[in-house]
Amino acid sequence: MNDQASSETIQSEAEMRMQKALDSLQHQFNRIRTGRAHPGLLDSIQIDYYGAQTPLNQVAGVAVEDARTLMVTPWEKAMVPAVEKAIMKSDLGLNPSTAGAVIRVPLPVLTEETRKNYTRQARAEAENCRVAIRTARRDAMAALKALQKDKQLSEDDERRAAEQVQKLTDTQIERVEAALAVKEKDLLEI
């Protein structure tokens, strides 16, 4: 029973690592801008909030005003200049405009070249995710082999567990491909 538990532990750890890689990929995809406005676009922006670097969504509300405009409303009126400055300094290429306590962030129309660059970036992020998933598989397989070598796991159990890890890997890679296809479709949509 201990053998079974340890192989299941290895499999669940591999699954957890693969899921973390997928979650990270989704976060990276949210940072890549499509033609439409969405609040997640500004998630990576940090604000100097009383001496501490704080995520934008913790000092302001971010909402979609229309298809190409985000509306940022800082909780404190004194934070408006700091939020506007942080958005301008971000690597997103955005030009916010302030109207009282509200900051409007219009998103420029994506050019064909920009779309291709973003698509290339999305593919690179997907490849990084695939590598992370394969690394988790490799580590799980090595751990299973080590258990079998130490006679804590029979050859048949090791083979079955390895097959399960491979099935899990294939499923996660399919999810990466599906997420990439959706992102590419979003990016190339005019």
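The values are calculated or read from the model by the stated rules, or taken from the named source; none is laboratory data. Small disclaimer: the values here were computed from a predicted structure and weren't measured. Glycine gets a Cβ as well: all are built from the backbone with ideal geometry, and neighbour counts include every protein chain shown.
Structure above, values below:
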item	result
Residue satisfying condition, being surrounded by fewer than 20 Cβ atoms within 10 Å (Cβ to Cβ), in contact with a helix residue (DSSP H, G or I) (Cβ under 7 Å, 6 or more places away or on another chain), without any contact (Cβ under 8 Å) to a residue 12 or more places away in the chain and not polar (S, T, N, Q), within set Glu127, Glu163, Glu155, Glu174	Glu155
Selection within segment 80-104 - of a type in the set (A, V, I, L, M), part of a strand (DSSP E or B) and at pLDDT 85 or above	Val102, Ile103
Positions within segment 55-79 being part of a strand (DSSP E or B) and surrounded by fewer than 17 Cβ atoms within 10 Å (Cβ to Cβ), in sequence order	Pro55, Gly61, Ala63, Val64, Glu65, Asp66, Thr69, Thr73
Unmet requirement for Val102, which otherwise passes all of (1) in contact with a strand residue (DSSP E or B) (Cβ under 9 Å, 6 or more places away or on another chain); (2) at positive phi	(2)
Test for Glu189: is it loosely packed, with under 13 Cβ neighbours inside 10 Å and touching a residue at least 60 places away in the same chain (Cβ under 8 Å)	yes
Tally of residues being assigned to a loop (DSSP other than H, G, I, E, B) and under 28 Å from Leu188 (Cα atoms) across segment 29-54	10
Residue list for segment 1-20, restricted to those being surrounded by 12 or more Cβ atoms within 10 Å (Cβ to Cβ), at pLDDT below 90 and among the hydrophobic types (A, V, I, L, M, F, W, C)	Ile10
Answer from Ile87, Ile133 - the residue that is within 21 Å of the chain's Cα centre (by Cα) and outside the structural domain of Met16 (by TED's automatic domain parsing)	Ile87
Some residue of segment 137-149 being more than 19 Å from Glu13 (Cα to Cα) and not hydroxyl-bearing (Ser, Thr, Tyr)	yes
Positions within segment 131-148 being surrounded by fewer than 18 Cβ atoms within 10 Å (Cβ to Cβ), touching an Asp or Glu at 6+ places or on another chain (Cβ under 9 Å) and of a type outside the set (Asp, Glu), in sequence order	Lys145
